[in-house]
Amino acid sequence: MSWIKHVFYNESEGKLRKSYDRIKGKKNYIDNILTVHGLRPHTLEGHMTLYKSVLHHNGNTLPKWILEALGTYVSLLNNCEYCFEHHFAGLKTLLQDDLKAIELREAFISDKLNNVFSENELSLFSYAKALTRSCSEMPKSSIDRMKRNGFSDGEILEVNQVVSYFAYANRTVLGLGVSTKGDILGLSPSASDDPTNWSHDRAKE
């Protein structure tokens, strides 16, 4: 599961149990990336608040599948198989198009995104790659390119926050050796109109 102790639902109590009750799916299921926070419940609360705001909030205006695709791509760039597989499964559910999902996966792995994304979409992924690979050398031209392709400052902020969240999530997983053993791939919160709802089920939006 990981290199440190997980606290599972049936072992939890107090503040941790309350957080788990907000997150759990069927049969009290919770992803390993979340139960690894069990020894410090306040960090789980921070993780879920950020995750819900960045990827599953109705204040975002970019399509949810684009945000999910950006997170999937960033996870691949960071060599985080756990997050790549989880979020690709979530992306596939959002797309409801198996052929397109296969094409996206192949494009991510080969890093040939121009095979599947439009020019304006490519500007988002180019920014995501630069921020992931060489953030200290980020040129303003990456922002200018997104603006030229019709994205607002608020939407650019959404992209920035997705990339930044996945830098955090990927390092949580990689730094603690979290594995997908026992996980159900692709579960995520829905209820984007309710930031306090952390309940995990397959994406429906």
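For the reader, a short list of remarks on this structure follows.
- Enumeration of residues in segment 100-157 that are β-branched (Val, Ile, Thr) and under 21 Å from the mean Cα position of the chain (by Cα): ILE102, ILE109, VAL116, THR132, ILE156
- When the residues of segment 17-28 are filtered to those that are under 22 Å from the mean Cα position of the chain (by Cα) and surrounded by 13 or more Cβ atoms within 10 Å (Cβ to Cβ), the one that is nearest to ILE184 (Cα to Cα) is GLY25.
- Segment 1-16, residues that are surrounded by 17 or more Cβ atoms within 10 Å (Cβ to Cβ) and under 23 Å from LEU174 (Cβ atoms): MET1, SER2, HIS6, VAL7
- Wholly within segment 82-171, helices (runs of 4 or more DSSP H) carrying at least 3 residues that are at pLDDT 95 or above and small (Gly, Ala, Ser): 98-110, 119-133
- The single residue among GLU68, GLU103 that is of a type in the set (D, E, K, R) and over 14 Å from SER188 (Cβ atoms) turns out to be GLU103.
- Take the conditions (1) assigned to a helix (DSSP H, G or I); (2) surrounded by 12 or more Cβ atoms within 10 Å (Cβ to Cβ); VAL178 misses just one of them, which is (1).
- Close pairs (7 angstrom Cβ cut-off, 6 or more residues apart or separate chains): outside any loop (DSSP other than H, G, I, E, B) in segment 181-205, among the aliphatic types (A, V, I, L, M) and modelled with pLDDT under 85 anywhere: SER188/ALA203
- Test: SER53 is over 12 Å from PRO189 (Cβ atoms) and touching a Pro at 6+ places or on another chain (Cβ under 7 Å): no
- Test: residue in segment 43-62 that is farther than 20 Å from SER199 by Cβ and surrounded by 14 or more Cβ atoms within 10 Å (Cβ to Cβ): yes
- GLY46 being touching a helix residue (DSSP H, G or I) at 6+ places or on another chain (Cβ under 9 Å) and of a type in the set (Gly, Ala, Ser): no
- Some residue of segment 69-91 being exposed (fewer than 13 other Cβ atoms within 10 Å of the Cβ), under 19 Å from the mean Cα position of the chain (by Cα) and closer than 24 Å to ASP31 by Cα: yes
The values are calculated or read from the model by the stated rules, or taken from the named source; none is laboratory data. The model shown is predicted, which means the values in this text are computed figures rather than measured ones. Because the Cβ atoms are built from the backbone with ideal geometry, glycine has one as well, and the counts that use them run over all protein chains shown.
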